1. Which one of these does SER191 not meet: (1) away from ligand 2 (no atom under 16 Å from the Cβ); (2) under 17 Å from the mean Cα position of the chain (by Cα)?
2. How about the range 214-252: which of its residues are farther than 17 Å from SER8 by Cα and polar (S, T, N, Q)?
3. Go through (1) touching a helix residue (DSSP H, G or I) at 6+ places or on another chain (Cβ under 7 Å); (2) touching a residue at least 24 places away in the same chain (Cβ under 8 Å); (3) more than 16 Å from ligand 2 (Cβ to nearest atom) for PRO162 and report which single condition fails.
4. Quick check on the range 244-267: of everything there that is away from ligand 2 (no atom under 16 Å from the Cβ) and of a type outside the set (Ser, Thr, Tyr), which residue is surrounded by the fewest Cβ atoms within 10 Å (Cβ to Cβ)?
5. Could you tell me which residue of the range 16-42 is farthest from ligand 1 (Cβ to nearest atom), considering only residues that are loosely packed, with under 13 Cβ neighbours inside 10 Å, free of Cβ contacts under 8 Å to residues at least 40 places away in the same chain and not in a loop (DSSP other than H, G, I, E, B)?
6. Looking at ALA229, ALA221, which is the one that is at pLDDT 95 or above and either in contact with a strand residue (DSSP E or B) (Cβ under 7 Å, 6 or more places away or on another chain) or within 13 Å of ligand 1 (Cβ to nearest atom) (or both)?
7. How many residues are touching a helix residue (DSSP H, G or I) at 6+ places or on another chain (Cβ under 9 Å) and more than 22 Å from THR91 (Cα to Cα) when one looks only at the range 165-207?
8. Can you list the helices (runs of 4 or more DSSP H) found entirely within the range 43-104 that contain at least 2 residues being closer than 25 Å to GLY255 by Cα?
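The values are calculated or read from the model by the stated rules, or taken from the named source; none is laboratory data. Just so we're clear, the structure is a prediction, and the values are computed from it rather than from any experiment. Note: ideal-geometry Cβ built from the backbone for every residue, glycine included; neighbour counts use all protein chains shown.
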Amino acid sequence: MEPTAPVSLPSFDADAPIAKIVAAMQAAGGVIVRHLAEPALMDAVYDEVRRNTTESEQASDTKLWPEGNRTVGALVAVSPTYANHLLVHPTVLGIADAILLPAAPMAPGARAEELPSERGHYEVRKNADGNAQLVVRAPDTHAGPNCHHYHLGASVMLEVHPGGDVQMLHRENGIYQPYIEALPMHEFILSVMWAGTDFACDNGATRLVPGSHRWPETRVAEESEVATAEMPKGSAVFWLSRTLHGAGKSSVPGGRTGFFHSMIPNWFRQEENQYLAVPPEIASQLCEPALQLIGYRASRSLGWVKGRDIENLLQAGTGAPI
Ligand SMILES: O=C(O)CCC(=O)C(=O)O
Ligand SMILES: [Fe+2]
């Protein structure tokens, strides 16, 4: 019998149309986009992360990241290059716009002249008694919008060192799942892993299970169903909230370095508390899209501060109770 080819993820070059990348990801649950950033940029991010954090801040000893590996949170606070280039990379924002369907898209050129207001779904109905009542209706979840804007869930450097085992496969929606299982939900997490080094089978590249975003929660993947996100430094692998995935293990010195972040609707609690992780003094140095992504942005109804600009909460403006 012919040996079966290992499963693989769809993979595109950086200049592929976003619509093609998104369609492939929706079908497979994950997708690789190669050569999105220059290798030198990845080195610059790594140097900043290492320089701006202490050894103890880089240590890891959790269930998914046991001792021997290296993890660093709050990347936006420790690496301006990460924040101003990788976090707001136009391809990442284009994919996030297509997956999370915000009223206010973020990809360059996609920004609405006048941002659609959430009030579009609100209607005042009156009856014969003269009672006025606010009626709030869901949009078409296929067409969206499904949020006013999206923001960062967490941003973490994840460095696999030799000596460990593969990480348990899991779904990124696990942090919300127990509370929302009964809700019909449009896609609500887009995850991105940037390759800070080449990602290979033997150095800990992320493992993903194509198609598992459509599986029942309890189906456990066979090893033959697992694909490895092999990709050159400066590439990125993207996956959906229900796609099974996990870090690989390294059998070679050096392992691999990845820079992870997730994006979620503005009405979902951020996994990593960005307001403490990236205090206003640091946030004020960022480009505006990065500042907005970490959460210094509000909609009319969520996250406002009276007297601040909802588009940039560090500035004065007309934010107020609705
Ligand atoms: O590092 C990787 O390749 C994946 C890590 C991951 O999925 C996680 O820590 O949640
Ligand atoms: Fe994960």
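1. (1)
2. The answer is THR218, SER241, SER250, SER251.
3. (1)
4. Ranking the qualifying residues of the range 244-267, first place goes to PRO253.
5. Taking the range 16-42 as the starting set, the residues that turn out to be loosely packed, with under 13 Cβ neighbours inside 10 Å are 17, 19-20, 38, 40.
Then drop every residue that is not free of Cβ contacts under 8 Å to residues at least 40 places away in the same chain, which leaves 17, 20, 40.
Imposing the further condition that a residue be not in a loop (DSSP other than H, G, I, E, B) reduces the set to 20, 40.
Numbers: LYS20: 24, ALA40: 22 Å.
Applying the filter and picking the extreme gives LYS20.
6. Details: ALA221 fails: either in contact with a strand residue (DSSP E or B) (Cβ under 7 Å, 6 or more places away or on another chain) or within 13 Å of ligand 1 (Cβ to nearest atom) (or both).
Sole residue among the options that is at pLDDT 95 or above and either in contact with a strand residue (DSSP E or B) (Cβ under 7 Å, 6 or more places away or on another chain) or within 13 Å of ligand 1 (Cβ to nearest atom) (or both): ALA229.
7. Residues in the range 165-207 being touching a helix residue (DSSP H, G or I) at 6+ places or on another chain (Cβ under 9 Å) and more than 22 Å from THR91 (Cα to Cα): 5 in total.
8. Working: elements: 55-58, 75-78, 90-100.
Those helices (runs of 4 or more DSSP H) span 55-58, 75-78.
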